[in-house]
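Single-structure report; data block below.
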Amino acid sequence: MANVMDTLRARGFVKQTVYEDELYEKLGKESVPFYIGFDPTADSLHVGHFMQLIAMSHMQKAGHKPVILIGGGTAMIGDPSGRTDMRSMMTKETIRHNVECFKKQMSRFVSFEGENAAVIVDNGDWLLDLNYIDFLREIGAHFSVNRMLTAECFKQRLEKGLSFLEFNYMLMQAYDFLVLYRKYGCALELGGDDQWSNILAGANLIRIKEQKPAYAMTFTLLTTSDGKKMGKTAKGAVWLDENKTTPYEFYQYWRNTADEDVEKCLKLLTFLPLEQIEELCRYKDERINAAKETLAYELTKEVHGEEKANLAQSQAKAAFGGGNAELLTKEIENVALVVDAMVAAGVAKSKGEARRLIEQGGVSVDDTKVTDVNMAVPATEFVLHKGKKVHIKIVIK
């Protein structure tokens, strides 16, 4: 059995581990059930979940069983990690709906059938009916409040006020790990590095309660070279649901990756061989655009399938003059001015913003730069260009 940790290290995933040599040996000689937690706070996964999805796929392909934990119980509390405000609580019905959406998207990355089939479990099944006194006696007795307050996940919230509800989150997540160890033999929890304190608490709890080895591994967070989280646009999150972020928009997001981030994204988010990635990223001049196109195509194919990836790629090439495919089209109601068309097509939020974009020289219609904020639309069909990245065929009904 190939050791998956070698793969994860080579591709830049691994940030922190405990008992690393022991874990490496275990992963190399036996199938290790592992789990990753997902908060069902929306009806779609987004780019922030990408690392976990790819890591699960690498792990399963190497012979290890994914246990996907949906935080149906903890979502009713809210994880304070990386937050300066308190999360809103959710109903059971909403959580159930979101889980169904997640499973459909996850099935492109992991298999729910056959050997080492992935399973989805909901921590609401054991958290919602807990006896509080029993929980405090069995679990709470093993946690030091002083040590908990030093955890990074609590520091930001302490400034604005950390509720006792949220303070329990670490205990709940640690208890999840213990339950999954007992039910599925899960000896390893994986997650983003912002979850390190919570994951480590669970591994320690198993070693205390079960006197058995348990392990923690966190991944590098998906950030740009200047430290900002990837997956955010002016419109908000980049979703995996095509009704929230179209395949074309998804493709264009990755096609516009900064030069210095392309190689990292190819290693972390695609399954291309490292030798091919190295070759694609060898040049740092305009030839890096081929690597960007490969990144955008591969990720769109992973999420939306080959057919939609091909269409998104051909639309992008048409928009940039690189092909004859049909351009991304938006139908709008009858308007008289270009500024009105920009607002109707969602290119600008308001007429004022549309006028500013025109005055700054950032708007063209077909091949003509728009210099007059009162320019009339030239026809019932035309291509609207905003800057270098937005190209849309407008059809006036």
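Each residue in segment 29-46 was checked for being in contact with a helix residue (DSSP H, G or I) (Cβ under 8 Å, 6 or more places away or on another chain) and not in a loop (DSSP other than H, G, I, E, B), and 5 pass. Across segment 114-141, the number of residues qualifying as open to solvent by 80 Å² or more (accessible area, probe 1.4 Å), free of Cβ contacts under 8 Å to residues at least 12 places away in the same chain and under 24 Å from Asp39 (Cβ atoms) comes to 2.
Residue-level analysis places Leu384 among those that are part of a strand (DSSP E or B) and either without any contact (Cβ under 8 Å) to a residue 12 or more places away in the chain or of a type outside the set (Val, Ile, Thr) (or both). Residues in segment 10-33 that are within 19 Å of the chain's Cα centre (by Cα) and under 15 Å from Ala216 (Cβ atoms) were compared, and the one that is least open to solvent (accessible area, probe 1.4 Å) is Phe13. In segment 142-193, of all residues being surrounded by fewer than 18 Cβ atoms within 10 Å (Cβ to Cβ) and of a type in the set (Phe, Trp, Tyr), the one that is nearest to Ser31 (Cα to Cα) corresponds to Tyr184.
Give segment 387-397 a look and list any residue that's in a loop (DSSP other than H, G, I, E, B) and either touching a helix residue (DSSP H, G or I) at 6+ places or on another chain (Cβ under 9 Å) or over 20 Å from Glu293 (Cα atoms) (or both), or say none. Within segment 387-397, Gly387, Lys389, Lys397 qualify.
Every condition in (1) surrounded by fewer than 23 Cβ atoms within 10 Å (Cβ to Cβ); (2) assigned to a helix (DSSP H, G or I); (3) among the aliphatic types (A, V, I, L, M) holds for Leu266 except the one numbered (1). Applying the criterion of being under 13 Å from the mean Cα position of the chain (by Cα) and outside any loop (DSSP other than H, G, I, E, B) to the residues of segment 237-252, the residue that is surrounded by the fewest Cβ atoms within 10 Å (Cβ to Cβ) is Ala237.
Of Val347, Val373, Val335, all but one fail to be within 20 Å of Thr245 (Cβ to Cβ), part of a loop (DSSP other than H, G, I, E, B) and touching a residue at least 12 places away in the same chain (Cβ under 8 Å); the exception is Val347. For segment 196-209, the criterion of a residue being open to solvent by 40 Å² or more (accessible area, probe 1.4 Å), more than 30 Å from Thr257 (Cα to Cα), touching a strand residue (DSSP E or B) at 6+ places or on another chain (Cβ under 8 Å) and aliphatic (A, V, I, L, M) is satisfied by at least one position.
The values are calculated or read from the model by the stated rules, or taken from the named source; none is laboratory data. Fair warning: this is a prediction, and the values are worked out from it, not measured in the lab. Glycine gets a Cβ as well: all are built from the backbone with ideal geometry, and neighbour counts include every protein chain shown. Only protein heavy atoms, including side chains, enter the accessible area calculation; ligands, DNA and RNA are left aside. Shrake-Rupley method; radii C 1.70, N 1.55, O 1.52, S 1.80 Å.
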